[in-house]
1. Looking only at the range 118-136, decide whether some residue is within 20 Å of the chain's Cα centre (by Cα), touching a residue at least 24 places away in the same chain (Cβ under 8 Å), buried (at least 17 other Cβ atoms within 10 Å of the Cβ) and more than 28 Å from ARG205 (Cβ to Cβ).
2. Can you name the strands (runs of 3 or more DSSP E) wholly within the range 105-179 that have at least 2 residues being out of contact with any helix residue (DSSP H, G or I) (no Cβ under 7 Å at 6 or more places or on another chain) and of a type in the set (S, T, N, Q)?
3. Give the range 189-247 a look and list any residue that's touching a strand residue (DSSP E or B) at 6+ places or on another chain (Cβ under 7 Å), basic (Lys, Arg), surrounded by fewer than 24 Cβ atoms within 10 Å (Cβ to Cβ) and under 28 Å from GLN140 (Cβ atoms), or say none.
4. Considering ALA58, ALA79, ALA33, which residue is in contact with a Cys (Cβ under 9 Å, 6 or more places away or on another chain), at pLDDT 90 or above and of a type outside the set (Val, Ile, Thr)?
5. Quick one: in the range 94-115, which of the residues that are of a type in the set (S, T, N, Q) and touching a strand residue (DSSP E or B) at 6+ places or on another chain (Cβ under 9 Å) is farthest from ILE204 (Cα to Cα)?
6. Would you call PHE223 outside any strand (DSSP E or B), touching a residue at least 60 places away in the same chain (Cβ under 8 Å) and aromatic (Phe, Trp, Tyr)?
Amino acid sequence: MTTAERFALAHWVIPVMGIDPQRVALPHLHAVAAGWLDEGLDVAGISGHGQDVKPWCALPMADIDGVAVLGLTTLTEPATDFVNELELYGSPITLGDQTGRAIGDPGIVEAHTFASVRGAVPTPAHVVHFTTPTTFRSGQRSSPMPDPFTMIRSLSLRWNRLYPNNPITVDTRDIRSIWVSDLDGRNIVTTVKQATVSGFVGRIRLVADTPAAAAILTTLLNFARYAGVGSFTARGFGRIELEETWQ
């Protein structure tokens, strides 16, 4: 793909050199992404710095064909259009105690239109692979438990903040019909903004018992592939992948 103009949700990579991904922590990535995006989005009149629901997320570094890449996701059409115009080639990049440079502009790995996510064919069962620590905050408490009710409520609230003209209405009875049939994972304790946080990594299999619940679950999990799940998603927490399962 060479253009992002039609897409609301997009996964981007920026190739870099002079950086060892093994020495890069999630807070480093968030700082770099915020430097690129927040001020520019504010100038463009798009929610950026200071917003509790950001239209972007930083991703863990990856290796693609031997090249280290920084990752981002954008969650709205204006944010996606903004990143599509970023010129980063040659820009210095400081991650913790390392300084390298971008050797390319942002490129799209995968993208979806808003309609394709909202209109995805519902399936009743999904395996969700949490690839980075996932935590859910309530006041001063933080829990790693991927409870379906908490997950769906969190994702629907975030969806409705980002897309107020296309809200998702979630009935509590629908959420209660979504349950965990299988679980394989553990918690990882880490630090975020000087607070100790426990996050879940691993896999769960979610099953929806009604057609309405299956529709909600399918839409929000496809959204979560870009937006993440739970708290601190702009910092790279709560990243998920969807894996095949039996129906």
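1. No, that holds for no residue.
2. 125-134, 141-143
3. ARG235
4. Testing whether each residue is in contact with a Cys (Cβ under 9 Å, 6 or more places away or on another chain), at pLDDT 90 or above and of a type outside the set (Val, Ile, Thr) leaves just ALA33.
5. THR99
6. Criteria met by PHE223.
Residue by residue, here is whether (1) under 25 Å from HIS112 (Cα atoms); (2) modelled with pLDDT of 95 or more holds:
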| site | (1), (2) |
| --- | --- |
| ASN165 | yes, no |
| THR169 | yes, no |
| ARG203 | yes, yes |
| THR210 | no, yes |
| GLY228 | yes, yes |
| ARG235 | yes, no |
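The values are calculated or read from the model by the stated rules, or taken from the named source; none is laboratory data. A quick note: this is a predicted structure, and the numbers were derived from the prediction, not measured. Glycine also receives a Cβ, built like all others from the backbone with ideal geometry; neighbour counts cover every protein chain displayed.
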